[in-house]
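Since the structure comes first, as structure tokens, the remarks are kept for the end.
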Amino acid sequence: MSDHEAIWRTAYRHPAAWDAAFPPLSLVDMFEQSAARQGEAPLIDFLGRRYSYRETLDGANRVACGLAKLGYGPGDRIGLFLPNVPHYVAAYYGALKLGATVVNFSPLYTPAELAHQVADSGTRVLFTLSASALLPTALKVLNDSGLERLIVGSVAGALPAAKSLFYRLFKRGEVADRPDDPRITAFSALIANDGACAAPAIDPETHVALIQYTGGTTGVPKGAMLTHQNLSANARQICGLDPHPGQADRIVGVLPLFHVFANTCVLNRTVLNGGTMVLLPRFDAAQCLAAIGRTKATALPGVPTMYRALLDHPKLAGTDFSSLRVCISGGAPLPAELKERFETATEASLVEGYGLSESSGVLTANPYEGEGKSGTIGQPIPGTRLKLVDKEDPARPAPPQEPGEIVASGPQIMAGYWNRPDADADTFLVDEAGTRWLRTGDVGAIDADGFVRVVDRLKDMIAVSGFKVFPSQIEAILYHHPAIKECLVIGLPNPYRGEHPRAYVVLHDEAEDTGEALTAWLNPQLGRHERVDTVVVRDALPKTMIGKLSRKDLVAEVTAAS
């Protein structure tokens, strides 16, 4: 047992025991058990329309049977290209009941990004909506990839009657026509069955429930394989952080469900707990504040940029936050001044946590009540082991009193990367006892009370509003421009988004392109969260002694000049 584990055994501040065990449990059994308990209680509140546990389970059963009738079954990859709508919940649990593996796709993806990950995962079916922001992209991928079928739902059909009529009459510009194509099935047609079909047996510890891509554009993102046990364990671990189990549970689901943070902290955790998800299709500060007041929400998970936007909105002062017990911040570092401002304005607790796609969402968190530590990511959640290894040689422990790379072990740690055994070899450590440890790529320190602080990153990823952006992928696109000789992309601090990417380039001698022109050329090729604030044209970029472009030195130069 490490010194840190001795601390957590004696100074642990979460309600559940640090070394709690989590027996195998499939997500399907988890959902069905909650539906049996909750019955007519609301699971989903979607802009005022409520769906009970019984209704949602029935929808999931119908999705499973509809997919089976189309010829799909255990092991198939079923993609979700959806915002936060009731269709997502039914499709997610329906695909899992079928024995299939869900693949999450961001609605922000460009056709090229979506096509790459569809091909990489072998996705056969894609769920989406008849929204102009989604359907044209999905249709392009259907025509240009190995994707076999689209299942297309309607937002209007999920709304309350009055809102549905308004949407159909006044928001036609947001709706795309569904082509008459045998490869396209309406969601309503898919679920036109009784939901009574045989379900396969699922081994929670070996059956992959979800392939969660780690971010970004073509080529580099890897699919983390999360088993039923990984995800159900993480949901149970998170429920073990609540000091008041059994109290009213209404969580605002504005974080995108396609992101691992929301998949675990909003969807799976709430289903396990028998609570209600107040789903919002996208973040809008006014709409979010109205939902908190209307539903008497008790929890609000988010990213720092979201809390900052709420603070800056004029309707904040008129919002009743008295029901809000806890807000959980993740995805990017939480500035101390933002935490203080938000807690003062709302009188709700805002706590910071930490995790990765590879850890099903969450590894550590500050306590919901009592003494936490601002500027830290808290203590490991129940059932989770952390230690620090040497930054240069991960086979050795970090030197005493020095930061080291954070590695983690627990039931939520992924099975591995989809079709990437080479990446697995670099990502996992196995100790003498046979314990498998996930390398996070983050450098941290653990204080005398067992609180963990992230102090640096080994990896080059940029955290933008909770999303991970890979500089090398933006650089690969920049190199397609004929004027660019060399380039580097770095992340710079941003008070609203956490960080933002910025590109620095050196042009060929004869080129005369401006930074403004290069920015206008680059950004349309990127996802929204990947777009740079500017392209800076320079005479030279820093290099190492062997002539390799040095991102580290560029960051140091830019930081010193700011």
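The values are calculated or read from the model by the stated rules, or taken from the named source; none is laboratory data. This structure is a prediction, so every number in the text was calculated from the model and none was measured. Here the Cβ positions follow ideal geometry from the backbone for every residue, glycine too, while neighbour counts run over all protein chains shown. Please note that ligands, DNA and RNA were not included when accessible areas were found on the heavy atoms of the full protein model with its side chains. Shrake-Rupley method; radii C 1.70, N 1.55, O 1.52, S 1.80 Å.
Please go through the stretch 48-61 and give me each residue that is open to solvent by less than 20 Å² (accessible area, probe 1.4 Å) and not small (Gly, Ala, Ser), ordered by number.
Scanning the stretch 48-61 gives 53, 56.
With more than 28 Å from the chain's Cα centre (by Cα) and more than 30 Å from residue 5 (Cβ to Cβ) as the only criterion, which of 476, 540 stands out?
It is 540.
For the stretch 404-441, what are the residues that are surrounded by 17 or more Cβ atoms within 10 Å (Cβ to Cβ) and farther than 25 Å from residue 232 by Cα?
Those that are surrounded by 17 or more Cβ atoms within 10 Å (Cβ to Cβ) and farther than 25 Å from residue 232 by Cα: 404, 405.
Do you know which residues across the stretch 281-309 are modelled with pLDDT of 95 or more, of a type outside the set (D, E, K, R) and either touching a strand residue (DSSP E or B) at 6+ places or on another chain (Cβ under 8 Å) or more than 26 Å from residue 50 (Cβ to Cβ) (or both)?
If the condition is that a residue be modelled with pLDDT of 95 or more, of a type outside the set (D, E, K, R) and either touching a strand residue (DSSP E or B) at 6+ places or on another chain (Cβ under 8 Å) or more than 26 Å from residue 50 (Cβ to Cβ) (or both), then 288, 291, 292, 295, 297, 298, 299, 300, 301 are the ones that fit.
Among 554, 507, 526, 518, which is the only one that is crowded, with 16+ Cβ neighbours inside 10 Å, touching a strand residue (DSSP E or B) at 6+ places or on another chain (Cβ under 7 Å) and in contact (Cβ under 8 Å) with a residue 60 or more places away in the chain?
Exactly one residue qualifies, and that residue is 554.
For the stretch 117-129, which residues satisfy the criterion of being touching a Gly at 6+ places or on another chain (Cβ under 7 Å) and surrounded by fewer than 22 Cβ atoms within 10 Å (Cβ to Cβ)?
119, 120, 121
Determine whether the stretch 184-193 contains at least one residue that is of a type outside the set (A, V, I, L, M, F, W, C), modelled with pLDDT of 95 or more and either assigned to a helix (DSSP H, G or I) or open to solvent by less than 70 Å² (accessible area, probe 1.4 Å) (or both).
So far as the stretch 184-193 goes, yes, one or more of its residues are of a type outside the set (A, V, I, L, M, F, W, C), modelled with pLDDT of 95 or more and either assigned to a helix (DSSP H, G or I) or open to solvent by less than 70 Å² (accessible area, probe 1.4 Å) (or both).
Name the single residue, out of those in the stretch 255-264 being part of a loop (DSSP other than H, G, I, E, B) and out of contact with any strand residue (DSSP E or B) (no Cβ under 7 Å at 6 or more places or on another chain), that is least open to solvent (accessible area, probe 1.4 Å).
257
Would you say residue 35 is among the aliphatic types (A, V, I, L, M), more than 28 Å from residue 401 (Cβ to Cβ) and in contact with a strand residue (DSSP E or B) (Cβ under 9 Å, 6 or more places away or on another chain)?
When the stated conditions are applied, residue 35 passes them.
Out of the residues in the stretch 295-319 meeting the condition of being among the charged types (D, E, K, R) and free of Cβ contacts under 8 Å to residues at least 60 places away in the same chain, tell me which one is surrounded by the fewest Cβ atoms within 10 Å (Cβ to Cβ).
Only one residue fits best here, namely 312.
Restricting attention to the stretch 358-387, which residues are at pLDDT 95 or above, farther than 22 Å from residue 6 by Cα and among the small types (Gly, Ala, Ser)?
Hits for the stretch 358-387 are 359, 360.
Here's a check for you: in the stretch 421-479, which residue that is in contact with an Asp or Glu (Cβ under 9 Å, 6 or more places away or on another chain) and part of a helix (DSSP H, G or I) is modelled with the highest pLDDT?
427
Please state which one of 43, 82 is in contact with a strand residue (DSSP E or B) (Cβ under 9 Å, 6 or more places away or on another chain), open to solvent by less than 10 Å² (accessible area, probe 1.4 Å), outside any loop (DSSP other than H, G, I, E, B) and among the hydrophobic types (A, V, I, L, M, F, W, C).
Just a single option satisfies the conditions, and that option is 43.
When you check residue 244 against the structure, is it in contact with a helix residue (DSSP H, G or I) (Cβ under 8 Å, 6 or more places away or on another chain) and either open to solvent by less than 50 Å² (accessible area, probe 1.4 Å) or at pLDDT below 95 (or both), yes or no?
No: the conditions fail for residue 244.
All but one of (1) open to solvent by 20 Å² or more (accessible area, probe 1.4 Å); (2) more than 21 Å from residue 15 (Cβ to Cβ); (3) in contact with a Ser or Thr (Cβ under 6 Å, 6 or more places away or on another chain) hold for residue 399, so report the exception by its number.
Condition (3) is where residue 399 drops out.
Return the only residue of 100, 95, 20, 64 being crowded, with 22+ Cβ neighbours inside 10 Å and in contact with a Pro (Cβ under 8 Å, 6 or more places away or on another chain).
Matching residue, one of 100, 95, 20, 64: 100.
Would you check if there is a residue in the stretch 379-396 being buried (at least 18 other Cβ atoms within 10 Å of the Cβ) and among the polar types (S, T, N, Q)?
Yes.
Report every pair of residues separated by at least 6 positions or lying on different chains whose Cβ atoms are under 7 Å apart, first residue within the stretch 231-257 and under 22 Å from residue 384 (Cβ atoms), second open to solvent by 20 Å² or more (accessible area, probe 1.4 Å) and basic (Lys, Arg).
What qualifies is 235/269; 238/269; 239/269.
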